[in-house]
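Encoded as structure tokens, the structure appears first; notes follow it.
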Amino acid sequence: MEKNSAENKFVKMGAYHSLELELNKNFTITKPFWDSVTLERLEAACDPAKSADVGAVILQEGLANICLITNTMTIVRLRVEIPIPRKGKGGPEQHDKAMERFYEATLQGILRHFHFDILKCVIIASPGFVKDQLSEYIFTEALRRDLKVLTENKPKFVLAHSSSGHKYSLKEVMTDPSVAAKLSDTKAAGEVKCLNDFYDMLKTDPDRAFYGLSHVSRAVEQQAVQVLLISDNLFRSKDVQARKKYIKIVETVRENGGDVKIFSSLHVSGENLEQLSGIAAILRFPIPDIDDEEEDAGNHNEAK
């Protein structure tokens, strides 16, 4: 709720007014200038073709996170939690019955939240053999109940190891070679591969892998950026001038023939990029003396 800064026939000068936006209620947003990044994100969000094409079930005994993975975010659609007694307490029968309830709840979650006509891959990952047991349960029940949506899409399922059943374990799962091969034709794989390429370059040729606004800006000035990795969080900064600076970097890289990957802070790979200040770049050619140049510039300013 804000005070009116210009009087009109509906609201007097200085009066408070409010605007309510409701589901299925049309409204129009007018803005003097829409930058290219914002327009691109709006178009992507409104395009049904950008829907999630990867499903993932990350689980351990008694816990399963059923996720949808798009090229911009990882969405937890359902969290299944069922207490599992130890085999020593109450005997193995109590444990097995609880695990069966757990697998059934997970199966129902998969049927409810996964659209197999869109999904290209379904990852089941866990520590130990929980993933194998869930997979066996799913397809045994699919045959018994004649669940064709599962039997017909069995080739889309891939099993992988994870250290836990929590969402953060998707990071290691998505970089597993067997999973990466299955994800090769999905949109989410592009961001994961790009970030891995950056880490590899940072190890093998650090003069071609920069991160942080200062270093990346210098590389952009020299038209050296081959691939720009940038978090969408930077475009939501409260500092308007900072937002314009990041948008200008994106536009300049594209004008110079570089590729721009915008990572969502809601995606696992985006969370990792945030740890590198939210902006990084793979360069066309090495710039070995950039730190020395900045140090010399700093000394020059001090001398003044």
Practice task
Past 22 Å, Cα to Cα, is the threshold; run Lys97/Lys171; Lys131/Lys167; Lys171/Lys203; Lys120/Lys203; Lys154/Lys261 against it and keep the listed order.
Solution key: Lys97/Lys171; Lys120/Lys203; Lys154/Lys261
Completion exercise
Here the FRET efficiency for Asp197 versus Met13, based on Cβ atoms and R0 = 51 Å and rounded to 0.05, is 0.35
Practice task
Give, in nm to one decimal, the length gained when the segment between Arg144 and Leu159 is fully stretched (0.36 nm per residue of separation minus the Cα-Cα distance).
Solution key: 3.2 nm
Exercise for the section: Take every Cα pair under 8 Å in the chain that's 6+ residues apart, average their separations, divide by the length, and report that relative contact order as a whole percent. Expected result: 16
Problem - Rounded to 5, percent antiparallel among DSSP beta bridges of the chain - result: 60
Practice task
Towards the positive end of the charge dipole of the chain, with charges on Cβ (+1 Lys, Arg; -1 Asp, Glu), say which of Leu107, Val250, Ala64 has the farthest Cα.
Solution key: Leu107
Practice task
Name the long-range amide H neighbours of Asp259: under 5 Å, sequence gap of 5 or more, or other chain; modelled H, no Pro or chain starts.
Solution key: Val227, Leu228
Practice task
Wrap a convex hull around the Cα atoms of the range 124-174, take a quarter of its surface area, and give that in square nanometres.
Solution key: 3.6
Fill in the blank from the handout: Under Stokes-Einstein, the range 113-230 at 10 °C and 1.306 mPa s, with its Kirkwood radius over C-alpha pairs, diffuses with a coefficient in µm²/s of 93
Completion exercise
Debye calc, one equal point scatterer per Cα of the range 190-274, no solvent, log10 I(q)/I(0) at q = 0.14, 0.17, 0.21 1/Å comes to -0.46, -0.69, -1.06
Exercise for the section: Could you state the orientation-averaged shadow area of the convex hull built on the Cα atoms of the range 60-166, in nm² to one decimal? Expected result: 7.0
Exercise for the section: About the Cα centre of the chain, how large is the charge dipole given +1 on each Lys and Arg Cβ and -1 on each Asp and Glu Cβ? Please answer in debye to the nearest 20. Expected result: 1320
Practice task
Give the carbon-plus-sulfur fraction of the accessible surface of the chain in %, rounded to a whole number; probe 1.4 Å, heavy atoms of protein chains only.
Solution key: 52
Handout entry: Phi-based couplings in Hz for the range 261-270 (Karplus 6.51, -1.76, 1.60; Gly and Pro marked x)
Key = 10, 9, 9, 7, 5, 8, 9, 4, 5, x
Practice task
Evaluate E = 1/(1 + (r/R0)^6) for His115 and Gln223, where r is the Cβ-Cβ distance and R0 equals 51 Å; express this FRET efficiency to the nearest 0.05.
Solution key: 0.75
Problem - Cα Rg over Rh - the chain, Kirkwood - result: 1.09
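The values are calculated or read from the model by the stated rules, or taken from the named source; none is laboratory data. Small disclaimer: the values here were computed from a predicted structure and weren't measured. Methodologically, a virtual Cβ is constructed for each residue, glycine included, from the backbone with ideal geometry; neighbour enumeration extends over all protein chains shown. Protein only, heavy atoms only, side chains kept; ligands, DNA and RNA dropped before computing areas. Shrake-Rupley method; radii C 1.70, N 1.55, O 1.52, S 1.80 Å.
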